[in-house]
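Step one of this worksheet: look at the structure below.
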Amino acid sequence: MNPVKDLIKTLADEHGRSRENLLPILQGVVEKEKYLTEYSMVEIARELDLPAAEVFGTATFYSFLEHKKMGQYVIRICKTITCAMKGKNQVLLAIQDMLKIGIGETTPDGKFSLLETNCLGWCHKAPAMLVNDDVHTELTPESIREILSSYMKK
């Protein structure tokens, strides 16, 4: 059988097949597959007996449910006013300069993707970013070089 289809069936068995279980199933697919393909969203709709438009709408509403292939390391930089006031723009320029990509882009080697996101909950240590699940705070252009260099070596 198809591994994605099997995963969706397993997640539906685990969480249930009602509408309120859609989000945990979407999250489970992203956790395993790194993003939601059109195929996976259609299969989720079929498994939960929901309209595909409802699954697509939910998946595209939430910023942490990727629906396109991302790099190995997804960098999410906070775009709140607090981070902006504490130097987020200079940090973002340092990331873009070092990786040679813009917001919403992935490096040609598939290692890094760069996204802006709403509040990460680290306003007291702004500016902040996530690299996959790793939180980095009190960023400066200098610290960005060190942080990204460490991921490049992995």
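For the chain, the Kirkwood hydrodynamic radius from C-alpha pairs, put into Stokes-Einstein at 25 °C and a viscosity of 0.890 mPa s, yields a diffusion coefficient of 147 µm² per second.
Between the Cα long axis of helix 22-33 and the first principal axis of the chain there is an angle of about 60°, rounded to the nearest 10.
Estimated purely from DSSP H runs of n ≥ 4, each contributing -39500 (n - 2.57), the mean residue ellipticity at 222 nm for the chain is -15000 deg cm²/dmol once divided by its residues. By the Cβ distance rule (another cysteine Cβ under 4.7 Å), the unpaired cysteines of the chain are CYS119, CYS123. Distance cut-off 23 Å, Cα to Cα: go down the list LYS9/LYS111; LYS125/LYS153; LYS5/LYS68; LYS34/LYS153; LYS32/LYS86 and report the pairs above it. As for pairs spanning more than 23 Å Cα to Cα, those are LYS9/LYS111; LYS125/LYS153; LYS32/LYS86. Comparing PRO24, MET41, GLY87 along the charge dipole axis of the chain, the residue lying farthest to the positive side is GLY87, per the Cβ-charge model. Quick check: from the Cα gyration tensor, does the range 3-61 come out rounded (a/c under 1.5), prolate or oblate? Because its axes are fairly even, with a/c under 1.5, the range 3-61 counts as rounded. Relative to the longest principal axis of the Cα atoms of the chain, helix 3-15 runs at roughly 80 degrees. The label point for LYS69 and the one for LYS32, both projected 7 Å from the Cα toward the Cβ, are 2.0 nm apart.
Here each label is just a point 7 Å from Cα along the line to Cβ, and for ALA53 and ASN21 those points are 2.5 nm apart.
If only the Cβ of Lys and Arg carry +1 and only the Cβ of Asp and Glu carry -1, the dipole of the chain around its Cα centre is close to 400 debye.
Every number here is computed from the coordinates shown, using simple stated rules; none is lab data. Owing to the predicted nature of the structure, the values given are computational and were not obtained by experimental measurement. Using ideal geometry, Cβ is built from the backbone for each residue, glycine included, and neighbour counts are taken over all protein chains shown.
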